[in-house]
Amino acid sequence: MMTDNLLPIAAGYGCIDPAEMASYSGLEFFKRLKAGEIPGAPISRIVPMKIEKVSEGCIGWATHATPDLLNPMGGVHGGYYMTVLDSCLGCAVHAALPAGRGYTTLEVKTNLIKPVKPDGTIYYAEGKVLKVGRRIGTSEARIYDEAGSLYAHGTSTCLIFDAPGL
């Protein structure tokens, strides 16, 4: 378990009841998460991500790589980038959904541009909806640093469905 997460979540980490989740629009859910009223996803303990920005169809996270995320060659594992991008991509679609609707990722395409460093540098990840229909949502996301330099980007296709728990 990591001990150097620079992005603690105010409400801790955990999952909420599916019926409660289904009662919120995506936008309301992420506003509550940002306010610390809902716990952060447990994966955020492993791959540090903290919500920074939320609007309809748009999500922004702060993130950083830790030494726990290194591959055997000493670089940050590609799974770090892909996890952060997948989170942004799916959450952007979720932030555009009404209460009672959910999503799951069908496909993700990622491009890793340059290496992030596990030195405490804070990176930003932003996902935006391209199109949300009745059954399919698409989105794009990027990871960049404070100066705006691009580290990775990706796109996703999500399946939209009636949320379980209703």
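The values are calculated or read from the model by the stated rules, or taken from the named source; none is laboratory data. Every value quoted in this text rests on a predicted model; they were computed, and no experiment measured them. Neighbour counts are summed over all protein chains in view; Cβ atoms, including those assigned to glycine, are modelled from backbone coordinates with ideal geometry. The area values use the complete protein model at the heavy-atom level, side chains included, leaving out ligands, DNA and RNA. Shrake-Rupley method; radii C 1.70, N 1.55, O 1.52, S 1.80 Å.
The distance separating the Cα centre of segment 137-157 from that of segment 25-81 comes to 13 Å.
A simple count of charges around Ser25, restricted to other residues whose Cβ falls under 11 Å of its Cβ and scoring Lys, Arg +1 and Asp, Glu -1, yields +1. Expressed as a rounded percentage, what relative contact order does the chain have, with Cα pairs under 8 Å and six or more residues apart? Once normalised by length, the contact order is 25 percent. Convex hull over the Cα atoms of the chain, averaged projected area in nm²? Taking the Cα atoms of the chain, their convex hull projects to 9.1 nm² on average. Within the accessible area of the chain, the carbon and sulfur atoms contribute 55%, probe 1.4 Å, all protein chains present. For the chain, adding -39500 (n - 2.57) for each run of n ≥ 4 DSSP H residues and dividing by the number of residues yields -6000 deg cm²/dmol at 222 nm.
Think of a 1.4 Å ball rolled over the protein heavy atoms: the chain then has 49 Å² of accessible area per residue. Near Leu85: Cβ cut-off under 11 Å, other residues only, Lys/Arg at +1 and Asp/Glu at -1. The net charge is -1. Taking the Cα atoms of segment 60-99, the ratio Rg/Rh between the radius of gyration and the Kirkwood radius comes to 1.15. Taking the convex hull of the alpha carbon positions in segment 14-83 and averaging its projected area over all directions gives 5.3 nm².
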